[in-house]
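Here the structure is laid out as structure tokens; the discussion comes afterwards.
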Amino acid sequence: ATSASKVTVTAIAGDGIGPEVMRAVQQVLAAAGAQVAWEDAVAGGEAFARGISTGAPQETLDSIARNGVALKGPLATPVGHGEKSANVTLRTVFEMYGNIRPVRELPGIRTPFSGRGIDFTVVRENVEDLYAGIEHMQTPGVAQALKLVTEAGCARITELAAALAEAEGRRKVTIATKANILKLTEGMLKRVGEKVLAGHPSLVHEHMIVDNCAHQMVIRPEQFDVVVMTNMNGDILSDLAAGLVGGLGVAPSANLGDAVAMFEAVHGSAPQIAGMGLANPTALLLSALMMLRHIGDFATARKVEHALYVTLEEGVDLTGDIAAKGRGAQTDRYVARLIANLG
Ligand code: NAD
């Protein structure tokens with residue numbers, strides 16, 4: 001193929017281990033022949049250092065808007081004052097209301113849940129709920145936060161969950177809420193969600209109280225297919241779910257809006273190991289596979305996924321966080337092994 005057939009994707013390497021895992025992923029994708037042209041853009045630490053208080057320069061926003069697709073490394077949240085989180089800036093500027101986190105057992109990654117056939121997707125509402133961040137002191141000693149939930153927001157996140165379930169040939173959508181206590185806000189996702197799903201007769205749907213959902217995810221995680229939740233519940237339970245299948249080093253995600261899709265690992269910038277060549281690029285690589293499928297490059301996604309599964313199964317040259325004790329390899333050794341297994 002010529003470069004004319006390549007899809008341009010904004011690449012934000014990010015902070016800490018970000019540049020290391022981004023380079024690793026780009027090396028693997030290049031070796032696999034992915035038809036992607038990367039457009040490098042800055043956000044996070046480097047932007048703050050340039051005095052851009054939103055953490056994302058206009059060129060970066062323009063690049064994402066133009067391309068509609070981005071792969072992003074972790075962005076460190078500044079400890080100073082006045083600066084916003086660059087992640088929140090990107091999420092709100094592009095109204096990326098859907099956070100998608102696949103939870104799937106991986107070959108070679110041993111967990112207390114191995115062999116159970118865990119394979120579900122958490123769909124978390126990403127812009128409403130308590131994370132609008134509207135809080136204040138009512139009186140000294142009494143703090144109040146606003147939990148904002150809209151019908152439109154509930155409808156579009158449930159539509160997204162349904163579309164995803166249908167696209168992946170899944171059967172069931174679980175709406176998990178705290179509607180028993182918060183009848184108006186959490187209750188809205190239950191009511192609106194059930195109405196939306198009634199319009200998708202090919203899907204089974206159920207409602208589950210979110211605390212029982214947490215319990216069920218640990219007791220019998222294989223029962224879930226697609227689980228949709230409001231922002232904070234989804235935040236907490238998607239991390240729990242990531243822990244079931246191997247944790248942060250292997251947890252991918254997508255942030256979806258109507259015009260933009262941004263793919264990123266769930267983990268942060270891991271400052272303790274930054275620059276040491278120890279970072280595990282698997283989570284970002286799995287995120288890049290979601291990205292390849294989003295842009296329609298299914299063949300390359302399948303090829304890289306196969307190489308990854310073979311590499312994990314072999315268990316040789318894995319990074320320290322997932323290797324057998326004392327057998328951890330450097331990131332570049334792992335990347336070389338992945339590339340060798342592309343066949
Ligand atoms: P973290 O995810 O960076 O690290 C948690 C632990 O997991 C650490 O022990 C770290 O070494 C390890 N770890 C994480 N990713 C790894 C990888 N790929 N390979 C090997 N080990 C890995 O979480 P934190 O320490 O709470 O946060 C550090 C910074 O990252 C903070 O500034 C935080 O705000 C930011 N953060 C950003 C994002 C994002 O950009 N989406 C997400 C979470 C945290």
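Any read-out appearing in this document is the output of simple, stated calculations on the displayed coordinates, not a laboratory observation. In this text the structure is predicted, and so the values were computed from the model without any measurement. Note: ideal-geometry Cβ built from the backbone for every residue, glycine included; neighbour counts use all protein chains shown.
Numbers below:
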quantity: Residue that is surrounded by the fewest Cβ atoms within 10 Å (Cβ to Cβ) [pool: residues in region 196-244 that are small (Gly, Ala, Ser) and under 15 Å from the mean Cα position of the chain (by Cα)]; calculated: Gly243
quantity: Subset tally (residues that are surrounded by 11 or more Cβ atoms within 10 Å (Cβ to Cβ) and either farther than 26 Å from Glu194 by Cβ or free of Cβ contacts under 8 Å to residues at least 12 places away in the same chain (or both)) for region 114-132; calculated: 2
quantity: Enumeration of residues in region 62-93 that are among the hydrophobic types (A, V, I, L, M, F, W, C), farther than 21 Å from Gly51 by Cβ and within 16 Å of the chain's Cα centre (by Cα); calculated: Val69, Ala70, Leu71
quantity: Strands (runs of 3 or more DSSP E) (entirely within region 61-152) containing at least 1 residues that are under 23 Å from Pro19 (Cβ atoms), hydrophobic (A, V, I, L, M, F, W, C) and more than 16 Å from the ligand (Cβ to nearest atom); calculated: 69-72
quantity: The lone exception for Ala301 - which of (1) in contact (Cβ under 8 Å) with a residue 40 or more places away in the chain; (2) in a helix (DSSP H, G or I) it fails; calculated: (1)
quantity: For Arg333: the one exception among (1) free of Cβ contacts under 8 Å to residues at least 60 places away in the same chain; (2) under 29 Å from Ala155 (Cα atoms); (3) of a type in the set (D, E, K, R); calculated: (2)
quantity: Verdict on Ala279 being in contact with a Gly (Cβ under 9 Å, 6 or more places away or on another chain) and not in a helix (DSSP H, G or I); calculated: yes
quantity: Filtered residues of region 313-331 (kept if surrounded by 13 or more Cβ atoms within 10 Å (Cβ to Cβ), of a type in the set (D, E, K, R) and farther than 22 Å from Gln26 by Cβ); calculated: Glu313, Glu314
quantity: So Gly268, is it surrounded by fewer than 22 Cβ atoms within 10 Å (Cβ to Cβ), touching a residue at least 60 places away in the same chain (Cβ under 8 Å), of a type outside the set (S, T, N, Q) and within 10 Å of the ligand (Cβ to nearest atom); calculated: yes
quantity: Residue among Asp258, Asp235 that alone is outside any helix (DSSP H, G or I), among the charged types (D, E, K, R) and more than 30 Å from Arg333 (Cβ to Cβ); calculated: Asp258
quantity: Boolean, Ala24 is part of a loop (DSSP other than H, G, I, E, B), under 22 Å from the mean Cα position of the chain (by Cα) and surrounded by 22 or more Cβ atoms within 10 Å (Cβ to Cβ); calculated: no
quantity: Those residues of region 286-313 which are over 26 Å from Val93 (Cβ atoms) and within 16 Å of the ligand (Cβ to nearest atom), in sequence order; calculated: Leu308, Thr311, Leu312
